[in-house]
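Shown next, in structure tokens, is the structure this report addresses.
The values are calculated or read from the model by the stated rules, or taken from the named source; none is laboratory data. Note that the structure is a prediction, hence the values are computed from the model and not measured. Cβ sites come from the backbone with ideal geometry, for glycine too, and all protein chains shown count toward neighbours. The accessibility values were calculated without ligands, DNA or RNA, using every heavy atom of the protein model including side chains. Shrake-Rupley method; radii C 1.70, N 1.55, O 1.52, S 1.80 Å.
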Amino acid sequence: MAIEKTRPAHGGHGERGITVLLKRMHDVVATEATAQERLDDLTKVIAAHVVADVCSIYLRLPNDELELFSTQGLNREAVHQTRLKWGEGLVGATCATQKPLVTADAPLHPAFSYRPETGEDPLHSFLGVPLIRSGKALGVLVLQNKISRRYTDDEIQAAQAVATLLAEIAASGELLDEDTTQEVDQVLHGPVRLEGKGLVPGIAIGTAAFHDVPMPKHKVFADDTASEAQRLESALDDLRTSVDDLLASGSLAGVSRDVLETYRLFAYDRGWKERLRAAVFSGLTAESAVEQVQAENRARMMKAKDPYLRDRLHDLDDLSFRLLRHLSGEIDQRDDLPENAIVIARVMGPADLLEIDRARLQGLVLGEASTTSHVAIVARALGIPLVTGVSGITSSVEAGDDIIIDGETGDVQVRPNTDVNASYREKAALRSEQQAAFARERDLPFVSADGVEFDVMMNAGLALDMPHLASTGANGVGLFRTELQFLIGAQLPRMSAQQKLYTEVLDLADGKPVVFRTADLGGDKSADYMVREEEANPAMGWRGMRMAIDRPGILRPQIRALLAAAVGRELRVLFPMVTLADELVFAREIIDKETDFRRRCGHDVPSKVLVGAMIEVPSAAWQIGEIAKCADFLSIGGNDLAQFFFAADRDTEQTQARYDPLDRSFLGFLHHVLGNAEKADMPISYCGEQAANLVTAAALAGVGVRRFSLPASAVGGFRRMIRSVTMAELTAWTGAKVMNGRGSLRRELALWLREQGILFEG
């Protein structure tokens, strides 16, 4: 078929024009004709409505090839004959990127692929729009013109509207023949691999289930303000009662009450309630009032740079959703979960997680969560694999789909094929076997093959972490982060609440040492009640010991709580972000004054108090000798020290590649720091999430680290690795490599460990 002459615009591209076009498309689909005839009529209708010499529809086949299914303007003989591979040509590029592709001169575009059978030689302008459904490209709608011209934004929007409808029609079976519809269905429901961030390690294999139940439609404006206010009050009472009942239930055994008590504070927050009432009395229904205040909270808190504040947003969101369910009367009408459910939700609070049937729950995929969010803390305590930050999860998964998540790598496999399924089942079995083996080895000493002893402790931050002390066989808690109690509350924690937590932790440690790090606040860690001035660079600003010195009203009550909790026992206190020896002198003076005060008041004191300093900045590392005069022990904060050493934020995408704790320069720097600590006869440990990686841990051991504080999940692997190492060989190899060459040791060391049979995968 010959190409028609370029036509003027026809039908318009505004809202009215698109409506007319969609009505004509509907009429075509409703006609009695063969599938090919209806598809050809569709291309004619579209071509007649826009400024285009050619309108073509390509559909994606199960093998990912794109076949020309219909055209108005190209040679008819090319239909069902012209095929393009995935990513080939302008059509393939449009499908692969899932974005519109526009060019005024197609033959000059680098992705252009010439197909002589189509008769498209005279064509220049090209507009390709992908047909997207369920997050997948089903094909491409193509508009072409002989003259070289730019398609307007209105034309592109009109084409996208048409493409959206075409995708829906193609998937519905209303347009295509049965075989083609089945092929489209195979594309839609084929295997998909998505990537996110793993928060709680573990493999979960099961069935997808959605947690976010759509709310029923409701009126926006109230007919009776007083009645709406009463509905709101009743729903708030029901919400608070449900949270209270959850706290009072026996199902919370082993779960930190601190997290749930804080969640309860949000439910009873007077400010939240007053904002809701104000919205109702402005004329909104109760539901609209909740949604408006929720939107305001999200807008306000998403501006906050502090990740801990953003985590609190999830609790507010969860409470708002629960309140909406109480208003709708659907709070107890959720469908039962399938067996081996993997629950997918945009957000989830700790209460909702605890209400899910744990016998059926295998894993979680959340749109928004972080390591310190309450739902992640509870999931970690319950051992539920959790992945977050998965783009396109809701559009790529349907309820009932087979799904696999890896809480360590962040991988999500949707509708996996047999090979992928078998691979993950094998990985899950190996992980279970390995964890069981680690548990059997928990009483073995941390001693290398040639008799070098290591002191290995674990990191913790909540009382619910303490059972891992026995299960891992760690020698104690080398870092108990106390700031979480300060950050999850609506106000500064009372001294009595702090003392209760510290006492519980010491009791659960059962005589093993616990190092309490005082609240490491400031920088990116501050609560809503903490009034702070904006800082150009918070990471290098008012934080750690600087804030503690300037705000002794925060530090003193915490020291009092620690002294009271450790009566008759040894107390180890670690101060964060020490930059100068004088800061540790100040800290010691506070401890001495508070200890003397307790004695004068007739109260008992700890049997012994040991004071430590975190070495997290080069200035502190440079003056180890001076700091050692004021300290009983030191702890290297590996994450921060490496960050300041490289002047590279480890969480910023642009600088992550410049941050590597296995760089020879950093390892040499650590060796120097360890040597200075040894000269001062000062015990020094390495505390950092980096050491959870076995290659990194081996490198640290190679430069002289003998004391570690690790995540509990890494203790078993470290024990096995270190017991298979001959330290003399590792030290010699590492020393030679650090002294010679440049760049990272990561690949070389990983290869050497494997050659020695030392590196165990897990």
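Could you list, in sequence order, the residues of region 735-758 that are among the aliphatic types (A, V, I, L, M) and either more than 34 Å from the chain's Cα centre (by Cα) or in a helix (DSSP H, G or I) (or both)?
Result: Ala736, Val738, Met739, Leu749, Ala750, Leu751, Leu753.
Is at least one residue of region 650-665 more than 22 Å from Asn459 (Cβ to Cβ), of a type in the set (Lys, Arg), assigned to a helix (DSSP H, G or I) and touching a residue at least 60 places away in the same chain (Cβ under 8 Å)?
yes
Considering region 561-592 alone, what residues qualify as being among the aromatic types (Phe, Trp, Tyr) and surrounded by fewer than 21 Cβ atoms within 10 Å (Cβ to Cβ)?
Phe586
Rundown of residues vs (1) β-branched (Val, Ile, Thr); (2) within 28 Å of Thr726 (Cα to Cα), yes/no style:
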position: Gly389; (1), (2): no, no
position: Ile403; (1), (2): yes, no
position: Val452; (1), (2): yes, yes
position: Asp465; (1), (2): no, no
position: Phe486; (1), (2): no, no
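For region 660-683, does any single residue satisfy the condition of being touching a Ser or Thr at 6+ places or on another chain (Cβ under 9 Å) and at pLDDT below 90?
Yes, the conditions are met somewhere in region 660-683.
Do you know which of the residues in region 41-67 that are open to solvent by less than 20 Å² (accessible area, probe 1.4 Å) and part of a helix (DSSP H, G or I) is nearest to Gly87 (Cα to Cα)?
Selected residue: Thr43.
Take Asp604 and decide whether it is in a loop (DSSP other than H, G, I, E, B) and open to solvent by 60 Å² or more (accessible area, probe 1.4 Å).
yes
Give the residues of region 664-690 that are touching a Gly at 6+ places or on another chain (Cβ under 7 Å) and within 20 Å of Phe645 (Cα to Cα), sorted by residue number.
If the condition is that a residue be touching a Gly at 6+ places or on another chain (Cβ under 7 Å) and within 20 Å of Phe645 (Cα to Cα), then Arg664, His671, Leu674, Asn676, Ser685, Tyr686, Cys687, Gly688, Gln690 are the ones that fit.
Scanning for something over 30 Å from Arg415 (Cα atoms), assigned to a strand (DSSP E or B) and not small (Gly, Ala, Ser), does region 108-122 turn up at least one residue?
no
Could you check Gln144 against (1) open to solvent by less than 30 Å² (accessible area, probe 1.4 Å); (2) farther than 16 Å from Val54 by Cβ; (3) in contact with an Asp or Glu (Cβ under 9 Å, 6 or more places away or on another chain) and say which number it fails?
(2)
Out of curiosity, is Gly73 loosely packed, with under 15 Cβ neighbours inside 10 Å and either closer than 23 Å to Glu168 by Cβ or modelled with pLDDT of 80 or more (or both)?
no
Within the set of pairs 6+ apart or on separate chains, which have a first residue in region 444-457 that is of a type in the set (S, T, N, Q), a second that is open to solvent by less than 40 Å² (accessible area, probe 1.4 Å) and part of a loop (DSSP other than H, G, I, E, B), and C-beta atoms under 6 Å apart?
Ser448/Val725
Does region 676-698 hold any residues that are within 24 Å of Ser471 (Cβ to Cβ) and either in a helix (DSSP H, G or I) or open to solvent by less than 30 Å² (accessible area, probe 1.4 Å) (or both), and which are they?
Ser685, Tyr686, Cys687, Gly688, Glu689, Gln690, Ala691, Ala692, Leu694, Thr696, Ala697, Ala698
Across region 1-59, what is the total count of residues that are closer than 21 Å to Ala78 by Cβ, modelled with pLDDT of 75 or more and either in contact with a strand residue (DSSP E or B) (Cβ under 8 Å, 6 or more places away or on another chain) or among the hydrophobic types (A, V, I, L, M, F, W, C) (or both)?
Looking only at that region, the number is 19.
Restricted to region 549-560, and to residues that are under 24 Å from Asp510 (Cα atoms) and touching a residue at least 60 places away in the same chain (Cβ under 8 Å), which residue is surrounded by the fewest Cβ atoms within 10 Å (Cβ to Cβ)?
Taking the candidates together, the pick is Arg560.
Kindly check whether there is at least one residue in region 619-639 that is open to solvent by 10 Å² or more (accessible area, probe 1.4 Å), at pLDDT below 90, touching a Lys or Arg at 6+ places or on another chain (Cβ under 8 Å) and assigned to a helix (DSSP H, G or I).
Within region 619-639, one or more residues are open to solvent by 10 Å² or more (accessible area, probe 1.4 Å), at pLDDT below 90, touching a Lys or Arg at 6+ places or on another chain (Cβ under 8 Å) and assigned to a helix (DSSP H, G or I).
Out of all the residues in region 453-468, which are modelled with pLDDT under 95 and either aliphatic (A, V, I, L, M) or closer than 10 Å to Phe480 by Cα (or both)?
Step one: list which residues in region 453-468 are modelled with pLDDT under 95, which gives 458-468.
Selection gives Met458, Asn459, Ala460, Gly461, Leu462, Ala463, Leu464, Asp465, Met466.
Got at least one residue in region 661-676 being out of contact with any helix residue (DSSP H, G or I) (no Cβ under 6 Å at 6 or more places or on another chain) and closer than 28 Å to Gln434 by Cα?
No, because not a single residue in region 661-676 is out of contact with any helix residue (DSSP H, G or I) (no Cβ under 6 Å at 6 or more places or on another chain) and closer than 28 Å to Gln434 by Cα.
Name the residue, out of Leu324, Leu309, that is at pLDDT 70 or above and open to solvent by less than 40 Å² (accessible area, probe 1.4 Å).
When all the criteria are applied, what remains is Leu324.
Quick check on region 489-504. Is at least one of its residues in a loop (DSSP other than H, G, I, E, B), among the acidic types (Asp, Glu) and either over 22 Å from Gly688 (Cβ atoms) or open to solvent by 30 Å² or more (accessible area, probe 1.4 Å) (or both)?
No - not one qualifying residue is present in region 489-504.
Out of all the residues in region 699-734, which are open to solvent by 30 Å² or more (accessible area, probe 1.4 Å) and assigned to a helix (DSSP H, G or I)?
Ser713, Arg720, Arg723, Ala728, Glu729, Thr731, Ala732, Trp733
For Glu296, which of the numbered conditions (1) exposed (fewer than 15 other Cβ atoms within 10 Å of the Cβ); (2) at pLDDT below 65 fails to hold?
Going through the list (1) exposed (fewer than 15 other Cβ atoms within 10 Å of the Cβ); (2) at pLDDT below 65, Glu296 breaks only (2).
Can you pull out the residues in region 90-107 that are free of Cβ contacts under 8 Å to residues at least 60 places away in the same chain, in a loop (DSSP other than H, G, I, E, B) and not hydrophobic (A, V, I, L, M, F, W, C)?
Once the filter is applied, which keeps residues that are free of Cβ contacts under 8 Å to residues at least 60 places away in the same chain, in a loop (DSSP other than H, G, I, E, B) and not hydrophobic (A, V, I, L, M, F, W, C), region 90-107 yields Gln98, Lys99, Asp105.
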